[in-house]
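Comments concern the structure below.
The values are calculated or read from the model by the stated rules, or taken from the named source; none is laboratory data. From a predicted model like this one, the values you see are computed outputs, not experimental measurements. We place every Cβ from the backbone using ideal geometry, glycine too, and count neighbours over all the protein chains shown. Side chains are part of the model used for accessible areas, which takes the heavy atoms of the whole protein and leaves out ligands, DNA and RNA. Shrake-Rupley method; radii C 1.70, N 1.55, O 1.52, S 1.80 Å.
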Amino acid sequence: MHIDLLQLGRIPYSEGLAIQQRVIAARKAGEIGDTLILLEHPPVLTLGRNSTRANILATDALLAQKDVEIHEINRGGDVTYHGPGQLVGYPIFDLRGDLPGKRGPHLGPVDFVRLMEEALILTCKDFGVPAQRICKRTGVWTLAGGTIAEKKIAAIGIHVSQAITSHGFALNVTTDLRDFDWIVPCGITDRTVTSLELESPQEPPPSLLQSANRVAANFGRVFHRQILAVDSLEELFARD
């Protein structure tokens, strides 16, 4: 058993969405195995199923000036931001497969999210950043200390159709956190966001490539699978 890894670099959100749809269709048809897509997007805001436009604080004029697109999508969660320096992951997995913790015909979506969180927590730890879950707040958070509250370092939101997962996570690596001022991230008003660059004691701070490599390795560790890299979508479809 393995996970195919496809790293796409920085591509427009609409292109990433189209690629994701092709991979989802192939996974539903049984033409490929579980696949993890890692990429980066130019600035974009995405609105999940539970989102409200009131959580977009920036004016339409400002977003247009910054060339920021807005996409309404079918993942769970509220509004979130993607942009340069942020590692975005789309795990296209079959929840009916051989997955850790599965106790019935398929793994539950919440249990799948917890496994994703664990892979990201381990990645933060690799770079010297203690991280955690917070009850009823999906994603990965730094630890509180003294008067400093927890900060969100990774957002998660998935969609499941015919037991196949899509969408996924966004890990702030070298993200310009000022861009989060355009929104109320995930609809949460009492906590802020942070990044590996700000939290890690590593010098120089972790790069996007280093972070992608560690995330991939930790997905393999958490899901008990070998990670096999593919160079292109064509290679992915030809392999399995």
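You will find that of Asp94, Asp4, Asp98, the residue that is over 16 Å from the mean Cα position of the chain (by Cα) and surrounded by fewer than 13 Cβ atoms within 10 Å (Cβ to Cβ) is Asp98 and no other. Note on the stretch 1-56: residues that are within 19 Å of Val160 (Cα to Cα) and of a type in the set (Phe, Trp, Tyr) total 0.
Which one of Val113, Val129, Val140 is assigned to a strand (DSSP E or B), open to solvent by less than 40 Å² (accessible area, probe 1.4 Å) and either at pLDDT 95 or above or farther than 28 Å from Ile24 by Cα (or both)?
Working: Val113 fails: assigned to a strand (DSSP E or B); Val129 fails: assigned to a strand (DSSP E or B).
Checking each option against the conditions leaves just Val140.
Of all the criteria given as (1) within 22 Å of Arg75 (Cβ to Cβ); (2) out of contact with any Ser or Thr (no Cβ under 7 Å at 6 or more places or on another chain), the one not satisfied by Gln132 is (1). The residue of the stretch 211-227 that is surrounded by the most Cβ atoms within 10 Å (Cβ to Cβ), among those that are out of contact with any helix residue (DSSP H, G or I) (no Cβ under 8 Å at 6 or more places or on another chain) and touching a residue at least 24 places away in the same chain (Cβ under 8 Å), is Ala212.
Scan the stretch 135-158 residue by residue and report those that are more than 12 Å from the chain's Cα centre (by Cα) and not hydrophobic (A, V, I, L, M, F, W, C).
Here is the first cut: in the stretch 135-158, the ones more than 12 Å from the chain's Cα centre (by Cα) are 135-137, 141-152.
If the condition is that a residue be more than 12 Å from the chain's Cα centre (by Cα) and not hydrophobic (A, V, I, L, M, F, W, C), then Lys136, Arg137, Thr142, Gly145, Gly146, Thr147, Glu150, Lys151, Lys152 are the ones that fit.
Only residues that are outside any loop (DSSP other than H, G, I, E, B), among the polar types (S, T, N, Q) and without any contact (Cβ under 8 Å) to a residue 12 or more places away in the chain were counted in the stretch 48-88, giving 1. Taking Trp182, is it out of contact with any Pro (no Cβ under 8 Å at 6 or more places or on another chain), at negative phi and at pLDDT 95 or above? Spelling it out, it is not the case that Trp182 is out of contact with any Pro (no Cβ under 8 Å at 6 or more places or on another chain), at negative phi and at pLDDT 95 or above. Applying the set (1) out of contact with any strand residue (DSSP E or B) (no Cβ under 6 Å at 6 or more places or on another chain); (2) open to solvent by 40 Å² or more (accessible area, probe 1.4 Å); (3) modelled with pLDDT under 95 to Glu72 leaves exactly one unmet item: (1).
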